[in-house]
Amino acid sequence: MLSLGTVSIDPVLVLLGFASSAVVAVAVLHRDRNALKAVINILWDALIIGVLTARAAFVLQGWHAYAQEPLSIVLIQDGGFIPWIGITSGSAWLLYKLRRQKPRLARALIAAAIGVSTWLIIRHAVHQQQQQSLNIPAITLQDLSGQPVTLAPFTGKPLVLNVWASWCPPCRREMPMLAAAQVQYQNQATFVLVNQGETAAAVRQYLLREQLKLQNVWLDPSGQTAQILNARALPTTLFFNAKGELTEAHVGALSTAALQVKLARLLR
């Protein structure tokens, strides 16, 4: 997912691309309302087909993980699309629907090309801005014994940073999954779980009660991590590459399938 801070803007970018297609269609077909209506409807259908097939391709790519949690297939808020599949299938639908209407086909293809180009250009610009503006934060936190700790030693290796609290139901729901992933990927990525605003005693009691064996559980009494990373909700999980650059951010509880796919992408 592309994001500003930790707010996903992928849906907004897709809609901007479609809007630019619609504007072009209106500009070239404004004198023929029937043709304009037909082209807009076909462009909309192509968008829906593109999104669905891009999602389906992503799920198939990580099928082993999704097969274990079938319901997570429809959790599109997890993120996960293969854009070129969506562009190809949407274009194929457009060509099929307008194959016998060459004048409309040419105009629809121009509108679609403008829309895709708009989406690609803005997406690339946001991606560059995201990587340059949000790196691993240089902050001092505390471990459960009260000793100061920082994230600096983890540069040079992929980092998964989870911002959470024990009073947060979605946070509690994903904790066992994060504990398992921390063990499974211990030689490939570092997991740090930064608790927001709770005492060491409260966090220890929660981990003991839930029988969770987690490393790198740190305390942030003032909640500065959430402020610096613009994490507007808990839990928020951020994925940093070995250069310390943010590659992906996820707000809300992750499914096991989504986490595995995101980690595979991060580690590539």
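The values are calculated or read from the model by the stated rules, or taken from the named source; none is laboratory data. Computed from a predicted model, the values in this text were never measured in an experiment. Glycine gets a Cβ as well: all are built from the backbone with ideal geometry, and neighbour counts include every protein chain shown. Heavy atoms of the whole protein, side chains included, go into the accessibility calculation; ligands, DNA and RNA do not. Shrake-Rupley method; radii C 1.70, N 1.55, O 1.52, S 1.80 Å.
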For this session: Could you run through segment 229-244 and say how many residues are at pLDDT below 85 and either of a type outside the set (K, R) or in contact with an Asp or Glu (Cβ under 6 Å, 6 or more places away or on another chain) (or both)?
Result: 4
For this session: Go through segment 205-223 and give me each residue that's open to solvent by 50 Å² or more (accessible area, probe 1.4 Å), more than 26 Å from the chain's Cα centre (by Cα) and within 17 Å of E174 (Cα to Cα).
Result: L208, R209, E210, Q211, K213
For this session: Consider L144 carefully, then state whether it is open to solvent by less than 80 Å² (accessible area, probe 1.4 Å) and more than 15 Å from A231 (Cβ to Cβ).
Result: yes
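Here are some residues: L254, L259, L193. Which one is modelled with pLDDT of 95 or more, under 19 Å from the mean Cα position of the chain (by Cα) and of a type outside the set (S, T, Y)?
Being modelled with pLDDT of 95 or more, under 19 Å from the mean Cα position of the chain (by Cα) and of a type outside the set (S, T, Y) holds for just one of L254, L259, L193, which is L193.
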Seminar exercise, completed: Of those in segment 156-166 that are surrounded by 15 or more Cβ atoms within 10 Å (Cβ to Cβ) and not hydrophobic (A, V, I, L, M, F, W, C), the residue nearest to T256 (Cα to Cα) is N162
Problem set entry | Check on G86, touching a Gly at 6+ places or on another chain (Cβ under 6 Å), at pLDDT 70 or above and either small (G, A, S) or over 25 Å from L36 (Cβ atoms) (or both) | yes
For this session: Quick one: which residue in S20, S91 is hydroxyl-bearing (S, T, Y), at pLDDT 75 or above and part of a helix (DSSP H, G or I)?
Result: S91
For this session: Look through P170, P153, P176 and report the one residue that is in a helix (DSSP H, G or I) and either among the β-branched types (V, I, T) or within 18 Å of the chain's Cα centre (by Cα) (or both).
Result: P170
For this session: Filter segment 167-198 for residues that are open to solvent by less than 20 Å² (accessible area, probe 1.4 Å) and of a type in the set (G, A, S) and give the result.
Result: A179, A181, A189
